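The values are calculated or read from the model by the stated rules, or taken from the named source; none is laboratory data. Just so it is clear, the model here is predicted, and its values are computed rather than measured. We place every Cβ from the backbone using ideal geometry, glycine too, and count neighbours over all the protein chains shown. Remember, those area values only see protein heavy atoms, side chains included, never the ligands or the DNA or RNA. Shrake-Rupley method; radii C 1.70, N 1.55, O 1.52, S 1.80 Å.
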Amino acid sequence: MIRALLADDQRLVRAGFRSILSDEDDIDVVGEAASGGEAVAMARELRPDVVLMDIRMPELDGLEATRRIVTDPRMDGVRVIILTTFDLDDYVYGALKAGASGFLVKDTEPAELIHAVRVVARGDALIAPSVTRRLIAEFAGRVQRPEPGPELNALTEREREVLVLVGNGLSNDEIAAHLVLSPATAKTHVSRIMTKLAARDRAQLVVLAYEAGMITPGWLTP
């Protein structure tokens, strides 16, 4: 059973998401939070698998709440999906940097919401949808990129190729097809890259790929 926590200051939004998710046999909404601070406290207490986190909330915004959740060893394994809209600015890139596992727009279709919760709960990152690619492409170019760390030197040439494809939002199956590998081999490469770069998940690999200059906004797979 996937345990989900809803964090949004609008009661109607929470009620809508709860109604959609509660209809699924494998998803249990274990709590609702109306602020970032409440979301952090409830995540610590309830240890959900997935937190659906709005960015703009009172007291503590969703970005800082996400950072506190993913950096707290007591909440290891709790993953965050950011709820966003197209009018947000650098929050999107900042959310990935803070450790969010992906994004959803608030008017997403019910089937996409359910799929997102399942994908993130099993440890994957929600980076493949075109909306996420557009957001990253739009905002990654606005932030100042630090110099890439020496960790990238530990990657093999093949692993660098795989990292570029991950940065473009390709799934393991798509990477396998692109490089003519088996899906299992592609998954192994991704896992090794995450270990070498100490990345929490694929979403953080996207950030690292941009910061290292391996991906540039606009050079994305259609």
*Residues that are at pLDDT below 80, closer than 11 Å to MET53 by Cα and of a type outside the set (Val, Ile, Thr), drawn from segment 79-101*: ALA95
*Please give the number of the condition VAL29 fails out of (1) in contact with a Ser or Thr (Cβ under 8 Å, 6 or more places away or on another chain); (2) over 21 Å from ALA111 (Cα atoms); (3) among the aliphatic types (A, V, I, L, M); (4) at pLDDT 95 or above.*
(2)
*Evaluate the following for PRO146: is it open to solvent by 20 Å² or more (accessible area, probe 1.4 Å) and modelled with pLDDT under 55?*
yes
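Kindly evaluate LEU135 against the criterion of being touching a Phe, Trp or Tyr at 6+ places or on another chain (Cβ under 9 Å) and modelled with pLDDT of 85 or more.
On the way: touching a Phe, Trp or Tyr at 6+ places or on another chain (Cβ under 9 Å): yes; modelled with pLDDT of 85 or more: no.
It is false that LEU135 is touching a Phe, Trp or Tyr at 6+ places or on another chain (Cβ under 9 Å) and modelled with pLDDT of 85 or more.
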_Anything in segment 180-204 that is free of Cβ contacts under 8 Å to residues at least 12 places away in the same chain and within 25 Å of LYS97 (Cβ to Cβ)? List them, or say none._
SER191, MET194, THR195, ALA199
_What are the pairs with Cβ atoms under 6 angstrom where one residue, in segment 154-179, is within 11 Å of ILE193 (Cα to Cα) and the other, located anywhere, is assigned to a helix (DSSP H, G or I) and open to solvent by 10 Å² or more (accessible area, probe 1.4 Å)? Sequence gap at least six, or different chains._
ALA154/LYS196; GLU159/HIS189; VAL162/HIS189; VAL166/ARG202
